[in-house]
Amino acid sequence: MSITAETGTQLREGAFGPAVELVCRECGATRDLGPHYACHECFGPLEIGYRFGEVTREQIEAGPRNIWRYKALLPVPDDIESSPNTEPGFTRLLEARNLAAELGLSRLWVKDDSTNPTNSFKDRVVAIALSAARELDAKVFACPSTGNLANAVAAAGARAGIRTVVFIPSNLETPKQVNSAIFTENLVAVDGTYDDVNKLASEIAGEEDGWAFVNVNVRPYYAEGSKTLGYEIAEQLGWRLPDQIVIPVASGSQLTKVHKAFTELVKLGLVEDKPYKVFGAQAEGCNPVATAFKDGVDAIRPVKPDTIAKSLAIGNPADGIYVLDITRETGGSVEQVTDDEIRAAIVQLARTEGIFTETAGGTTVGVLKKLVETGQLDPELETVVINTGHGLKTLDAVSGSVGPVATIAPTYDAFDAAGIA
Ligand SMILES: *Cc1c(COP(=O)(O)O)cnc(C)c1O
Ligand SMILES: [Zn+2]
């Protein structure tokens, strides 16, 4: 892999804002910022290390209504708003009173990330990755994807005027394929699982010059985008942390970064410190982290995915071990639901709150229900559940479950006979 910085190009002063170094998540070794993602000592994954200046609530609140209001906490330059991007974030946090009543919860919120520019939370991570790709002078903006990431990369790249190439498993839902192909000429369907696609991407990143694979060789930057979900939830709750939060797990990156965001807010004095529990949600058809949690082991055994929750279908999750650490440390858990439970949860969220979620959200809401039923979640405490994507992208999952209650002639008699009134 060589985006140009590695071959000697100087980084622009302030290219990564408050970020000062890359830190190995395994051994703590540090190295300079650049297009690196693996530790030179132990090959562990790198993440961004910061030296934050003073950050105040007022300063954040005066910012734009998108993720750049948190730019003082992200690896982006101070002039980030002047570069074309998709400006995701500041999505609504809805109090879900009807769903709470059905589930027997006293206070429940849905963080609805289906309203981002390409209708999933992936616009957040891609916006940071695009900034990094630009600062590293990448020529191609690329990704292996379970669907939503490809949509976000293709759209952001189009707006930024950078060449995009996105790779997906060939069995992906048609809406997700079209949602990428509409933005890029280079949608590549690969006959294999996501894990095969991911491996291919690593190989291409090693062979080709100037390719920024958002979730491979610029992953440390990309991953930080998920922190904005945590910042927003805290700010929208009136600068406090929830008691319990339920987050879907594919690679596990989002869950680990929401936790990182909460930790940073406490350290910076922006919210009060308090205990909170983090829960992870997986589908039974792709449950490597849930299985390791249940078995009480640290090693994650890869699986071959078979579930309608295709956006969560990563059989060998890169951040799985960190998800285990965080859920165990905070007193949460990683639970799983069947495809039928996912479908039922999609319908339940739609009919209680008017939110149409995709299969990943069905997984998360299904797990929420299960956590209540099994007593793992305290119904008296305040809970947040993250809806990460839009149901229009996974219509097939529920098209057999819902439809017309009757098909009638255009006459009052026919309506009357149908017994709907
Ligand atoms: C990618 C994705 C996730 C999970 O992301 P990770 O950070 O890889 O765990 C959740 N929901 C949707 C809709 C996604 O597309
Ligand atoms: Zn290391």
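The values are calculated or read from the model by the stated rules, or taken from the named source; none is laboratory data. Values in this document were obtained by computation on a predicted structure and should not be read as measured data. All Cβ positions, glycine included, derive from the backbone under ideal geometry; neighbour counts span all protein chains shown. Surface accessibility is based on the protein's heavy atoms, side chains included, excluding ligands, DNA and RNA. Shrake-Rupley method; radii C 1.70, N 1.55, O 1.52, S 1.80 Å.
For the stretch 81-219, carbon and sulfur atoms together expose 45% of the accessible surface, with a 1.4 angstrom probe and every protein chain in place. Building the convex hull from the alpha-carbon atoms of the stretch 206-316 and averaging its projection over directions returns 9.2 nm². Could you list log10 I(q)/I(0) for the stretch 87-146 at q = 0.28, 0.30 Å⁻¹, which the Debye formula gives when each Cα is one point scatterer? Log10 I(q)/I(0), no solvent term: -1.08, -1.13. Kirkwood's formula applied to the C-alpha pairs of the stretch 327-387 gives a hydrodynamic radius of 12.0 angstrom. Mind telling me which of 144, 75, 64 comes out most flexible in a GNM of the chain, alpha-carbon contacts under 10 Å? Looking only at 144, 75, 64, the largest GNM fluctuation is found for 64. Taking every protein chain into account, the accessible area of the stretch 57-160 amounts to 32 square angstrom per residue (probe 1.4 Å).
When every alpha-carbon pair in the stretch 126-171 is counted, what percent end up more than 15 Å apart? Of the Cα pairs, 34 percent sit more than 15 Å apart. Based on protein heavy atoms only, the stretch 292-346 ends up with 47 Å² per residue of surface accessible to a 1.4 Å probe.
Within 10 Å of each candidate Cβ there may be at most 16 other Cβ atoms; applying that plus a DSSP loop requirement, which GluC sites (Glu not before Pro) in the stretch 131-191 survive?
The qualifying sites are 185.
Taking other residues whose beta carbon is less than 14 angstrom from the beta carbon of residue 63, and scoring Lys, Arg as +1 and Asp, Glu as -1, yields -4. Straightening the chain between residue 374 and residue 137 buys 80.3 nm, computed as 0.36 nm per residue apart minus the Cα-Cα spacing. Extents of the stretch 103-193, largest first, come to 51, 33, 21 Å (Cα atoms, principal axes, whole angstrom). Over the stretch 1-92, the pair-distance histogram of Cα-Cα distances with 5 Å bins from zero comes to 3, 13, 18, 20, 19, 14, 10, 4, 1 percent, rounded to whole numbers. Separation of the stretch 310-337 and the stretch 360-421, taken as the distance between their Cα centroids, equals 25 angstrom. In the stretch 228-279, Rg over Rh equals 0.94, where Rg is the alpha-carbon radius of gyration and Rh the Kirkwood radius from pairwise Cα distances.
Note: the stretch 305-421, Cα convex hull, 141 Å³ per residue.
In plain terms, the C-alpha convex hull of the chain casts an average shadow of 21.7 nm² when viewed from every direction. Maximal additional length on extending the residue 207-residue 274 stretch stands at 19.4 nm, based on 0.36 nm per residue less the C-alpha distance. Leaving ligands, DNA and RNA out of it, report the carbon-plus-sulfur percent of the accessible area of the stretch 308-421 at a 1.4 Å probe. Its accessible area is 54 percent carbon and sulfur atoms. Building the convex hull from the alpha-carbon atoms of the stretch 41-82 and averaging its projection over directions returns 4.3 nm².
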